[in-house]
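S.K.: My questions will all concern the structure given below.
The values are calculated or read from the model by the stated rules, or taken from the named source; none is laboratory data. Every value quoted in this text rests on a predicted model; they were computed, and no experiment measured them. Positions of Cβ are generated from backbone atoms using ideal geometry, with glycine treated the same way; all protein chains shown enter the neighbour counts. Heavy atoms of the whole protein, side chains included, go into the accessibility calculation; ligands, DNA and RNA do not. Shrake-Rupley method; radii C 1.70, N 1.55, O 1.52, S 1.80 Å.
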Amino acid sequence: DISAREALDRLCEITGARWHVDHYKRLHYYRPGTRFAPFNLSDTPNLSTSFPYQMKSFRREFTAAANRITVLGGLGEAGAELRTTREHAASISSYGVLEAVRVDRQITSSAIAQLAADAELEQRALPRYSGRALVRRAGLDLGQMIGVKSALYGVDTNYLITSIRETTNAAGGVDWGIEFGRQESGLVQA
């Protein structure tokens, strides 16, 4: 007694996958980060594997930063309070120690506490980047990973395409406005 959309949304919640219907009315169901764009975006394009783009906005978010997480759980196997600390070495070397504590008295297993700390680190240890760009080349699709290389913004990495909008420009050609961001970890999605 649910719609096809609700069924797909529930499947995605369980599997960590995503879905969308393209402008040809084809259904796409995929795990983010498993498909790559046919080209990258670059300030210095080679017009073969990388092409020019116009950055509309670029954002760096690092407000809830933490690279050493301590999870305080309930009573563990030994009858004492469960306490697990995990850290992200690369983040610590770049930003120094940024500590946070997560209290969840429902956690009673050290393995679950470690997973909870690892998931928290995945979300908070490194800055999250996102942006919007204008592209004048066809071939991009939602859920693809696209490389963005920009000296101006100090980035040279892959991002997940989260939105695409096709528009007609003033010259009668087609532009594609894309939104992109950091790929979520499979650990957090699962």
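S.K.: What's the whole-number percent of alpha carbon pairs in segment 56-129 lying beyond 15 angstrom?
M.R.: 54
S.K.: Could you run the Debye sum over the Cα atoms of the chain, one equal point scatterer each and no solvent, and tell me log10 of I(q)/I(0) at q = 0.15 Å⁻¹, two decimals?
M.R.: Values, matching the q order: -1.01.
S.K.: May I pose another question? Using a 10 Å cut-off on Cβ atoms, rank the peptides 116-129, 34-47 from the highest mean neighbour count down.
M.R.: For the peptides 116-129, 34-47, the packing ranking is 116-129, 34-47.
S.K.: Could you work out which residue, out of Lys56, Lys149, Lys25, moves most in a Gaussian network model of the chain, that is, has the largest mean-square fluctuation with Cα springs under 10 Å?
M.R.: Lys25
S.K.: Separation between the Ser93 and Ile2 pseudo-spin-labels, each 7 Å from Cα along Cα→Cβ, expressed in nm?
M.R.: Result: 4.4 nm between the two label points.
S.K.: Can you give me the distance in nm between label points at His23 and Glu61, each placed 7 Å from the Cα along the Cα-to-Cβ direction?
M.R.: Those two pseudo-labels are separated by 2.8 nm.
S.K.: Restricting attention to the alpha-carbon atoms of segment 1-99, what are Rg (one decimal) and Dmax (integer), both in Å?
M.R.: Answer for segment 1-99, Rg first and Dmax second: 21.9, 63 Å.
S.K.: Before rounding to the nearest 500, sum -39500 (n - 2.57) across all DSSP H runs of length at least 4 in the chain and divide by the residue total; then give [θ] at 222 nm in deg cm²/dmol.
M.R.: Calculated at 222 nm, the ellipticity per residue is -6000 deg cm²/dmol.
S.K.: Write down the accessible area per residue of segment 1-139 in Å², having rolled a 1.4 Å probe over the full set of protein chains.
M.R.: Using a 1.4 Å probe on heavy atoms only, each residue of segment 1-139 averages 63 Å².
S.K.: Starting from the Cα-Cα distance between Leu134 and Glu166, subtract it from 0.36 nm times their residue separation and give me the gain in nm to one decimal.
M.R.: 10.5 nm
S.K.: How would you classify segment 26-70 from its alpha-carbon gyration tensor, with a ≥ b ≥ c the square roots of the eigenvalues: rounded for a/c under 1.5, else prolate if a/b is greater than b/c, otherwise oblate?
M.R.: Oblate.
S.K.: Kindly give Rg over Rh for segment 96-176, based on alpha-carbon atoms, with the Kirkwood expression for the hydrodynamic radius.
M.R.: Reported Rg/Rh, Kirkwood definition of Rh: 1.19.
S.K.: At 7 Å along Cα-to-Cβ for each site, give me the label-to-label distance between Asn158 and Asp43 in nm.
M.R.: 2.3
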